[in-house]
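The values are calculated or read from the model by the stated rules, or taken from the named source; none is laboratory data. This one's a predicted model, so the numbers in the text were calculated from it and none came from an experiment. Backbone-built Cβ (ideal geometry, glycine too); neighbour counts: all protein chains shown.
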Amino acid sequence: MGADPEGSVNLEAALSSLAAPVKLVLFTQTFGCDTCVPTRQVIDRVASFSEKISVEEYNLVLDKDKVKAYGVLRVPAIAVVGQVDVGIRFYGVPEGHELISLVESVLLVASGNSGLSEDSQRLIASVDHPIDVQVFATPT
Amino acid sequence: MALESSQITASAIAAVQYPDLVQKYRVSGVPKTVVNDKIEILGAVPEAAFVSQVLGIQEPVV
């Protein structure tokens, strides 16, 4: 991310007018997680783009109540939380497209508006059982 | 979709960093979406089709 200053400027601009507070809840562990420190650095950078973004960090081993509350299975994990936790999670260091997705989810959570069509909203409103969606992606 | 329903949770997984999950879900190309460990959607799909497939209303195109 440090090698792409233009990208950082775009992300900063996107977050500069964030509609509401968003919390980035980061889960890491002390040992056996090479990507945890880089993830914290990325999160800190994203949080620096808006006063409305706050960061909380918990340890996978030590903070078991938080791990359970957020349903985290592995680290590094980022929960993007607005007024309520709608269940948005990112696993791994957010880079490239994944970083853009993270920023987009921050904007989404702050706005409270999914941006989905009325048809989509109508279908989703009828959901009566848990649906867990996992999307596998790469940075490029 | 997670925003629209408290029943729906959404996770983005950096495939390169979790080879065990890539193997578990047989991810050979991205994006790949897995729903409740059962439904698999390959590639980027338009909104209407994606929502229907995630909800199990429509079968994903193989």
Filtered residue count, segment A:90-107, keeping only those that are within 19 Å of B:Val54 (Cβ to Cβ) and surrounded by fewer than 20 Cβ atoms within 10 Å (Cβ to Cβ): 2
Unique match (being modelled with pLDDT under 95 and aliphatic (A, V, I, L, M)) among B:Val30, B:Val34: B:Val30
Odd one out for B:Leu21 among (1) within 7 Å of chain A (Cβ to nearest Cβ); (2) of a type in the set (A, V, I, L, M, F, W, C); (3) under 16 Å from A:Gly92 (Cβ atoms): (1)
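Out of all the residues in segment A:33-52, is one or more in contact with a Phe, Trp or Tyr (Cβ under 7 Å, 6 or more places away or on another chain) and at pLDDT 95 or above?
At the first step, the residues of segment A:33-52 found to be in contact with a Phe, Trp or Tyr (Cβ under 7 Å, 6 or more places away or on another chain) are none.
No, the conditions are met nowhere in segment A:33-52.
Output the strands (runs of 3 or more DSSP E) that fall wholly within chain B and possess 2 or more residues being buried (at least 19 other Cβ atoms within 10 Å of the Cβ), or say none.
Numbers: elements: B:8-14, B:32-35, B:39-42.
In chain B, the matching strands (runs of 3 or more DSSP E) lie at B:8-14, B:32-35.
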Members of segment B:26-51 found to be at negative phi and more than 7 Å from chain A (Cβ to nearest Cβ), listed by number: B:Ser28, B:Gly29, B:Lys38, B:Ile39, B:Glu40, B:Ile41, B:Leu42, B:Ala44, B:Val45, B:Pro46, B:Ala49, B:Phe50
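Could you pull out every one of the strands (runs of 3 or more DSSP E) wholly within segment A:37-138 that has 1 or more residues that are within 14 Å of chain B (Cβ to nearest Cβ)?
Details: elements: A:53-59, A:77-81, A:88-91, A:131-137.
Fully inside segment A:37-138 and qualifying: A:77-81, A:88-91, A:131-137.
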